[in-house]
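What follows is a short report on a single structure.
The values are calculated or read from the model by the stated rules, or taken from the named source; none is laboratory data. These numbers were taken from a predicted model, which means no experiment stands behind them. Cβ placement follows ideal geometry from the backbone for every residue including glycine, while neighbour counts extend to all protein chains displayed.
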Amino acid sequence: MKDQKTISGFSKLSKRGKIKWIAKNFFTDPEGVKNELVSYWHNNEDQQKILDGFSENTISNYPMPYGVAPNFVINNKPYCVPMVIEESSVVAAASSAAKFWMSRGGFKTEILNTKKVGQVHFKWEGEKDKLFSNFSTLKAKLINDSKSLTKNMEERGGGIGEIELIDFTDKEENYYQLKVSFETCDSMGANFINSILEQFALTLKNFCIKEKSFEGAEKEVKIIMSILSNYTPECVVRATVSCNIDKLGKFPNGMSSEEFAHKFETAINIAHIDPYRATTHNKGIFNGIDSVVIATGNDFRAIEACGHTYASKDGSYKSLSHCEVKDDEFKFWLDIPLAIGTVGGLTSLHPIAKRSLELLGSPNAEELMGIIAATGLAQNFAAVRSLITVGIQQGHMKMHLLNILNHLQATELEIKSAVEFFNNKVISFSSVRDFIKKKRSKASKMVTD
Ligand code: MEV
């Protein structure tokens, strides 16, 4: 297809060349868009080169707000948590929940386990018994052949864990799997795991060719793929808050702490019963989780994919958080798999990710897992607290009002009077626009009079 909107050799164009082509072919104001895209380039060329190095065909940067939530006390240690998120209210909610729990013992976190997983998927047409009876010899070869790859990680205390041979032939003809567990210490470990798996695949192929008892079998083994699994149900952190029900304090509209605790527990139970609610409930948790994961240069797609699979582990999609009100005690906790790192990848390359880790006191991976989980729990607490008391719109719309005012390019004075005016009124784009319009026409009338 030859069209103005398609091109070959785009990647070879300079950055300005790419912008020029896009501006000419996709925009009605080429000059405007060119200037706008260039205006987001970093003013330090070296910094821009680092950012460009993360991806391909880069033409500009996409700014996102970088906020912080202070007053998190996690395992008796204070933190100011960096959060990258574009949704208003999230950082305010996290900060408010952090402050609430700060005076009630703070967050406690516990690493339940830290195992990562990878798989070599292959087809074997030969006798099943041959494969299984030779598996211990194969296993020794797999470990031996990958020694040069595991040396550094082993020195840091990690490496390969169990290697299992799994028979899936009842689901897919001749399909087997090598399922491997790994410890990757402070790194997320994707490159480490994938390199080892590809070596395993080679070893498996060679084993079938060279091993005496496998003579003639080389035609029978076919590697399908070798890749880590982003599902890490054994790399889980638990974050908990708890206090005596009396200590929960007072809530809006005269709601007692007792009533709050039971209503809160019911709200969490509902998210365990109904996937429609569970999805929104967990989305609230990921508002907190993703924003810290992004701020620290980790892979939020991997964390999301894993979290949602984990939420379905019992056969239906459920809440990731739990609540128990028992013997005058309110306990609220979150179990979440978090395969993240504090070394390697973007964590040490992205200038702001590096600063985020510094802000958090340069945590190791386990400490960061705890911080991320606590932020997810805080977010969930704040959302459910609003939902069962004043409703979500009050807080949301307050923040939304500021967004609308910014969009309307309101002055400081206009913002102040709009915030006062809409304090107890329903906020919508048109109501705010009309309010500002009236204000401005009144002001211009005063000038002409
Ligand atoms: C909005 O981003 C998140 C909430 O919908 C979460 C929830 O309903 O629990 C408020």
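Worth a mention:
- Among the residues making up the stretch 284-322, a single one is surrounded by fewer than 23 Cβ atoms within 10 Å (Cβ to Cβ) and part of a strand (DSSP E or B): 322.
- The helices (runs of 4 or more DSSP H) found wholly in the stretch 1-105 and carrying at least 1 residues that are in the same structural domain as residue 373 (by TED's automatic domain parsing) and within 16 Å of the ligand (Cβ to nearest atom) occupy 90-102.
- Some residue of the stretch 165-185 being away from the ligand (no atom under 16 Å from the Cβ), of a type in the set (A, V, I, L, M, F, W, C) and part of a helix (DSSP H, G or I): no
- Any chance residue 242 is surrounded by 15 or more Cβ atoms within 10 Å (Cβ to Cβ), touching a residue at least 40 places away in the same chain (Cβ under 8 Å) and out of contact with any Phe, Trp or Tyr (no Cβ under 7 Å at 6 or more places or on another chain): no
- Some residue of the stretch 209-225 being under 30 Å from residue 289 (Cβ atoms) and touching a residue at least 12 places away in the same chain (Cβ under 8 Å): yes
- Only listed residue being under 30 Å from the mean Cα position of the chain (by Cα) and either buried (at least 17 other Cβ atoms within 10 Å of the Cβ) or not basic (Lys, Arg) (or both), chosen from 133, 181, 148: 181
- Residue match in the stretch 382-401 (condition: among the hydrophobic types (A, V, I, L, M, F, W, C), within 33 Å of the chain's Cα centre (by Cα) and more than 16 Å from the ligand (Cβ to nearest atom)): yes
- Close pairs (7 angstrom Cβ cut-off, 6 or more residues apart or separate chains): farther than 16 Å from residue 227 by Cα in the stretch 181-194, among the β-branched types (Val, Ile, Thr) anywhere: 186/342; 186/343; 187/343
- The stretch 277-305 residues that are at positive phi, paired with ones that are more than 8 Å from the ligand (Cβ to nearest atom) (beta carbon under 7 Å, 6 or more apart): 297/345; 297/346; 297/347; 297/350; 297/353
- Residue within the stretch 299-313 that is in the same structural domain as residue 240 (by TED's automatic domain parsing) and within 12 Å of the ligand (Cβ to nearest atom) present: no
- For residue 54, the criteria (1) under 30 Å from residue 83 (Cβ atoms); (2) exposed (fewer than 10 other Cβ atoms within 10 Å of the Cβ) hold in every case but one, which is (2).
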